[in-house]
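Trainee: Quick one: this structure, given as C-alpha cells, is what I'll be asking you about.
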Amino acid sequence: MLFGCSDSRLAAEIIFDRGLGDLFVVRTAGHVVGAEVMGSIEYGVDVLGCPLVVVLGHDSCGAVGAACAALESGRTPAGYIRDVVERVTPSVLAARAAGRVEAEEILAEHVRHTVDLLLDRSRVLAEKVAAGQAAVVSLCYRMADGSAQLVASRGLDAVVPAAS
Ligand SMILES: [Zn+2]
C-alpha cells in the first residue's frame, strides 16, 4: 500500500508500474497525517492484509515548500491549507534543528517523520510491525530521473528477509 503526496506527478501505479487491483493508495498534500489517513492505513493493513506501507515523498514538494515559506515569512496560509502547512512544519523544524537545511534533507526528515508518526499513532500498525506481519518504509522520489531512494524502514527484515 502506498501513502504519498497528492502531487499529480506522483501517480503511484505509473511510478511503480502497477495496474488496477494492485495497490491500496492514500494520498494527501505533503503526505500529512490525519484521522482519515490513519483509518485508511489501518484498513489496508488490518482488513486487507497489506504487508507493506510505503510512504512516498518527492523533491519540489509544494507542501514542504509552503511550510518552509511560512516559517521564513511568519505568515501562515488561509483556510485548510494552513492545516497542511502546520502538519509539515514539525519536520522542517526538526531538520533545521539538526543542521539539515538543504531541500533534499528537509524532505528526508519529513518522510522519516511520517513513518514515525504512523507507528506512534496507530497501535494496529505498530503491533503488525512488531509481530513481523507488516513493514513501513519511506522513499524519496526524484522527479528528474524517476528514482526512489529508501530513507527509513521499520520491520522490513521480517517481511522481506532478502531486503536487508
Ligand atoms: Zn508533494
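Since every read-out is calculated from the coordinates, none of them should be taken as a lab result. Note that this is a predicted model, so its numbers are computed, not measured. Virtual Cβ from ideal backbone geometry, glycine too; neighbours counted across all protein chains shown.
Trainee: Choose one answer from Ala98, Ala152, Ala78: the residue with the largest mean-square fluctuation in a GNM of the chain with alpha-carbon springs under 10 Å.
Mentor: Answer for the Gaussian network model of the chain: Ala78.
Trainee: So how many Å³ per residue does the convex hull of the Cα atoms of the chain work out to? Spell out each step's value before the answer.
Mentor: Details: hull volume 19.8 nm³, N = 164.
Hull volume over Cα atoms, normalised by residue count, gives 121 Å³.
Trainee: Place +1 on the Cβ of every Lys and Arg and -1 on the Cβ of every Asp and Glu in the chain, take the dipole about the Cα centre, and give the residue among Val54, Ser6, Ala35 whose Cα lies farthest towards its positive end.
Mentor: Positive-end residue among those listed: Ala35.
Trainee: Lys and Arg at +1, Asp and Glu at -1: add these up for the other residues within a Cβ distance under 14 Å of Leu23 and post the number. Don't skip to the answer; put the middle values down first.
Mentor: Numbers: positive: Arg18, Arg27; negative: Glu13, Asp17, Asp22.
Value of the local net charge: -1.
Trainee: Hey, another quick one. Amide H of Val55 versus every other amide H placed in the peptide plane: which residues, excluding those fewer than 5 positions away on the same chain, fall under 5 Å?
Mentor: When sequence neighbours closer than 5 places are left aside, the close amide H contacts are Phe3, Val137, Ser138, Leu139.
Trainee: Now for a separate question. Around Ser138, under 12 Å between beta carbons, what's the net of Lys plus Arg minus Asp minus Glu among the other residues?
Mentor: Within the 12 Å Cβ shell, the charges total 0.
Trainee: A further question follows. Report the residue, chosen from Gly132, Gly74, Gly44, that carries the largest GNM mean-square fluctuation when the chain is represented by alpha-carbon nodes joined by springs under 10 Å.
Mentor: Of Gly132, Gly74, Gly44, the most mobile in the Gaussian network model is Gly74.
Trainee: Take every Cα pair under 8 Å in the stretch 2-154 that's 6+ residues apart, average their separations, divide by the length, and report that relative contact order as a whole percent.
Mentor: 26 percent
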